[in-house]
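Quick note: the coordinates plus some simple rules give every number you see, no bench work behind them. Given the structure is predicted, the values throughout are model-derived calculations rather than measurements. Here the Cβ positions follow ideal geometry from the backbone for every residue, glycine too, while neighbour counts run over all protein chains shown.
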C-alpha cells in the first residue's frame, strides 16, 4: 500500500540538497534523482517547487505503454509532497485515491481500488530508508478474473478491506543494512471466490486482522538498483543483453536481506459455504525466512481456535470428536542458499540458455545441501476437541545422503477412552474399523504424566519404524 513511500526512497541521492526553501534547482535535482531509478521517459517524473516543499507526480502511463501488445494496464498517477529538512532527512506526505487495472485478454482481468491513501514519513538519506512512517487506507477492493486456458472457464475472486493502518520504524542494522519493524491493523476483511468446479460462491470474512513485520539486514541500495534495471530493461531480451550488469547488482547486494519475520491474527473468522457457516474465533500465523545466506531457514506456523461447524453437518454422536483448535509449526533448515546462487550467477547465460547437465545439477544440489540433508522440525503442536488432546513434536532429516528420512517424533494423547465411548455410540458401519485401530495404538503406547499415552517414534535410514522401541516395519 505504500506506493509513494517506495518511490520516494531514492532520495538518498539528494542528501546534498540542504535547503529549507524549495527552488527550481532543487526540483531539477529531485527529477534527476527519481529518473535515475524510473528512467528519463518524458512525462513519468514531474517535480514542482512550492514555498518550502516540492510537489511530485509519478505518472507510469508512458512506461506502461511499452508493455507487450495485448496487455492493457492503467494506474493512477502517484502524487506526494517532499520537504527538505536540511539535515539529510526528508518529510513525505501523500493523500489520494489509487486505481489500478490490468487486462490480458483470455487470461486475466484485475482491478484494484483504494478510496483514500494517506501516508507520512521521514526519510533518512544516509540510511536510505524511512526512519518512521505511517499509512492509512480506506475502502480497499480487488477483483480478479482468471481464465483457464484449456477449459475457457473463469474463476472470480473479490477482496475488500474497510480500513488498514500500517506503521513502521527503521534503523541501521547491527550487522549492516537496515533493520525495520512494522505493525499493521485492518478491519472488515472479506473474500468471495467463485470457481467453476465449486459451482457456488464461498465467502470468507474476518472482523479484524493485526500483526507485525520485521526485517533485518535489508540492502535498500540493491533494491533501488534492481528497480532501475527493471525500468531500463522492461523485457526479457533487453534484460538478457545486460545480464552482466544484473548479475553485478545481485552479487553486490547479497544477501538482499538477512532475516524476515511476519505475524498475523484474524479475529471472528466466518466462511459461508453451501452447507452452512463455518466459524473460527481466531486464526493466527507466523512466517520467517532468511535471505540468501549460508544458514538457510524457512518457517511457517499457524493456530486455529474456536472452530464451529453448521448445525446438523456432523451427527450428534460425533460432534465432540471434531477438533476445536489446531496448531502446527513447521521449519526447514540446514540448507545453504548462498552457495547455489553464487554458482548460478557465474554459470547461467540468459542470452543462450541451456539445460543443466547432470553434473551441474549435482553440483547445485551439493551446494544447496552441504550435509546431504535438510532438517524438518515440527515444534510442539496440538489438536484439541472437547474429548481429547493430541500433542506432537519431532525432527527429521531427509535428502540424498540418507536413503530414507531419519528422525524422531513424540506423540502424546489424552482422552482416548472418551473417544472410544463416543465412537461406540455411532453406527458400526462407520466406526467399526476405527475402534480396533485405536485399541491397537493404546496397546503400543507407554504411560505418560497425568494418565497420558505416549508414542516415541523413530525412523531409520534402512527403513525401520520404531514405536516405543519396537520396530514395526521390518527394517533395521
Response to the item:
Residues of region 275-307 with backbone N under 11 Å of the label point set 7 Å from the Cα of residue 322 along Cα→Cβ are 276-280, 307
Worksheet item: Once the piece of chain linking residue 401 and residue 265 is laid out straight, how much longer is it, given 0.36 nm per residue of separation minus the C-alpha distance between them?
Response: 45.1 nm
Worksheet item: Which value in deg cm²/dmol, rounded to the nearest 500, describes the helix-derived mean residue ellipticity at 222 nm for the chain, given -39,500 (n - 2.57) per DSSP H run of n ≥ 4 and division by the residue count?
Response: -6000 deg cm²/dmol
Item to complete: Apply 1/(1 + (r/R0)^6) to the Cβ-Cβ distance of residue 208 and residue 273, taking R0 = 22 Å, and write down the FRET efficiency to the nearest 0.05.
Response: 0.50
Worksheet, complete the sentence: From the Cα centre of region 159-226 to that of region 435-476, the distance in Å is 42
Practice prompt. Measure nothing but the geometry: give the 0 to 90° angle between the long axis through the Cα atoms of 358-368 and the longest principal axis through the Cα atoms of the chain, rounded to 10°.
Written response: 90
Fill in: Relative contact order for region 126-213, counting Cα pairs under 8 Å that sit 6 or more residues apart, in percent
26
Worksheet, complete the sentence: Between residue 40 and residue 172, the two model label points (7 Å from Cα along the beta-carbon direction) sit apart by a distance in nm of 3.4
Worksheet item: Out of (i) 134; (ii) 199; (iii) 148, which label holds the value of volume of the Cα convex hull per residue in Å³ that was computed here?
Response: (ii)
Worksheet item: In units of 2.2 N^0.38 Å, what is the alpha-carbon radius of gyration of region 63-150?
Response: 1.46
Fill in: Crossing angle, helix 220-232 versus the chain [Cα axis fit, 0-90 degrees, rounded to tens]
70
Response to the item:
Once residue 281 and residue 156 are pulled to full extension, the length gained, defined as 0.36 nm per residue separation minus their Cα-Cα distance, is 42.3 nm
Worksheet item: Can you give me the relative contact order of region 3-383 as a percent, contacts being Cα pairs under 8 Å and 6 or more apart?
Response: 9
Worksheet item: Put a dot 7 Å past each Cα toward the Cβ at residue 314 and residue 25; how far apart are the dots in nm?
Response: 7.4
Worksheet item: Full extension from residue 456 to residue 163: what is 0.36 nm times the residue separation minus their Cα-Cα distance, to one decimal in nm?
Response: 100.7 nm
Worksheet item: So for the pair residue 359, residue 435, with labels modelled 7 Å out along Cα→Cβ, what separation do we get in nm?
Response: 6.6
Item to complete: Give the angle, between 0 and 90 degrees and rounded to the nearest 10, that separates the Cα long axis of helix 243-253 from the longest principal axis of the Cα atoms of the chain.
Response: 70
Fill in: Alpha-carbon centroid distance for the pair region 79-139 / region 302-333, whole angstrom
40
